[in-house]
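First the structure, in the form of C-alpha cells, and then the observations on it.
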Amino acid sequence: MTGTWFLILKSLHIVSVVLFLGNIITGVFWKVHGDLLGTVNARIQALDGVVRSDRVFTMPGVILILATGITLALLAGYPLLGTPWILWSIVLFSISGLTFSFRVAPLQKQMLANTRAGLAGTWDEAQYRKLSGAWTFWGVVATGAPLIAVFLMVMKPV
C-alpha cells in the first residue's frame, strides 16, 4: 500500500474514533440535560436521541475503528497481540463494547420504557433513579476504557 493510501486509511481511523468518542460523550450530556429539565417528556426525548445516535454513530464507528485499526497495524507490520499498546487498546475497546452491549444499552432501553410509562401516568421515579445510577457507573466504564485506549495509541508506550 502506498504512503498516500496508508495516510487516507489512518485519517479514516482517526475520524472514526472522533465520531465514536464524540457520540458517547455527547450522549452523556443529553441524558444529563434531560434529567436536569426534570420532565418525563424531556427524559424521553433525551434517551430516545441517545439510543438512536448510538445506532447511527456509535455502531458504525466501532466497525470502522476495528476495520481500519487492524488493517493499519497489519500493513505497518505490527503484531496485534505482540505489541503491548495495541493489545491493551484492543482489551480496553473490548471492555467498552461488552460493557455497552450488556449493561449500558439495556439500561438505556429500560430507562426509556420507564419514562414512556410515565406518559400513561405510571412513572416509577425511584426505579428510574436506580437505573440511572447504574447507567452512570457502567457508562463511566464504557467511556473511560476507549479514552485510555486513545492515549495508548498516541503515546505508544513500550
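The values are calculated or read from the model by the stated rules, or taken from the named source; none is laboratory data. Quick caveat: nothing in here was measured; it's all calculated off a predicted structure. Note that each Cβ is placed from the backbone with ideal geometry, even for glycine, and that neighbours are counted across all protein chains shown.
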Q | Index of the failed condition, residue 118 passing every other in (1) crowded, with 16+ Cβ neighbours inside 10 Å; (2) within 24 Å of the chain's Cα centre (by Cα); (3) under 18 Å from residue 33 (Cβ atoms) | A | (2)
(Q) Can you pull out every residue in segment 48-64 that is within 18 Å of residue 93 (Cα to Cα) and polar (S, T, N, Q)? (A) 58
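Is it the case that residue 81 is modelled with pLDDT under 95 and closer than 23 Å to residue 145 by Cα? Steps first, please.
Numbers: modelled with pLDDT under 95: yes; closer than 23 Å to residue 145 by Cα: yes.
So residue 81 passes the test.
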Q. When residues of segment 19-67 are filtered for being among the β-branched types (Val, Ile, Thr) and under 9 Å from the mean Cα position of the chain (by Cα), how many remain?
A. 4
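Filter segment 21-41 down to residues that are within 15 Å of residue 144 (Cβ to Cβ) and surrounded by 18 or more Cβ atoms within 10 Å (Cβ to Cβ), then give me how many there are. It would help to see each step written out before you state the result.
Pass one, segment 21-41, residues within 15 Å of residue 144 (Cβ to Cβ): 21, 24-25, 27-28.
Okay, now just the ones that are also surrounded by 18 or more Cβ atoms within 10 Å (Cβ to Cβ), so 21, 24, 27.
Looking only at that region, the number is 3.
Among the residues of segment 124-142, are any closer than 26 Å to residue 14 by Cα, touching a helix residue (DSSP H, G or I) at 6+ places or on another chain (Cβ under 8 Å) and aliphatic (A, V, I, L, M)? Break it down into steps so the answer makes sense when it comes.
First, pick out the residues of segment 124-142 that are closer than 26 Å to residue 14 by Cα: 138-142.
Still in the running and touching a helix residue (DSSP H, G or I) at 6+ places or on another chain (Cβ under 8 Å): 138-139, 141-142.
So of that shortlist, the ones also aliphatic (A, V, I, L, M) come out as 141-142.
Yes, because at least one residue in segment 124-142 is closer than 26 Å to residue 14 by Cα, touching a helix residue (DSSP H, G or I) at 6+ places or on another chain (Cβ under 8 Å) and aliphatic (A, V, I, L, M).
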Q: Search segment 1-17 for residues being β-branched (Val, Ile, Thr) and surrounded by 12 or more Cβ atoms within 10 Å (Cβ to Cβ), and hand back the single one that is nearest to residue 109 (Cα to Cα).
A: 17
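What residue, of 127, 110, is out of contact with any strand residue (DSSP E or B) (no Cβ under 8 Å at 6 or more places or on another chain), assigned to a helix (DSSP H, G or I) and over 19 Å from residue 50 (Cα atoms)? Talk me through it step by step, then tell me what you get.
Numbers: 110 fails: over 19 Å from residue 50 (Cα atoms).
Only one candidate passes the filter, namely 127.
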Q: Among the residues of segment 47-64, write down those that are charged (D, E, K, R), free of Cβ contacts under 8 Å to residues at least 24 places away in the same chain and under 16 Å from residue 111 (Cα atoms).
A: 52
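One residue is enough: does segment 114-132 have a residue meeting the conditions among the β-branched types (Val, Ile, Thr) and modelled with pLDDT under 95?
Yes, segment 114-132 has at least one match.
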Q.
Restricting to segment 27-38, name every residue that is of a type in the set (A, V, I, L, M) and touching a residue at least 60 places away in the same chain (Cβ under 8 Å).
A. 28
Q: Name every residue in segment 119-137 that is closer than 23 Å to residue 102 by Cα and of a type in the set (Ser, Thr, Tyr), in order of residue number.
A: 128, 132, 136
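Being in a helix (DSSP H, G or I), of a type outside the set (D, E, K, R) and free of Cβ contacts under 8 Å to residues at least 40 places away in the same chain narrows it down to one of 44, 8, 24, so name that one.
On the way: 44 fails: free of Cβ contacts under 8 Å to residues at least 40 places away in the same chain; 24 fails: free of Cβ contacts under 8 Å to residues at least 40 places away in the same chain.
From the options 44, 8, 24, the qualifying one is 8.
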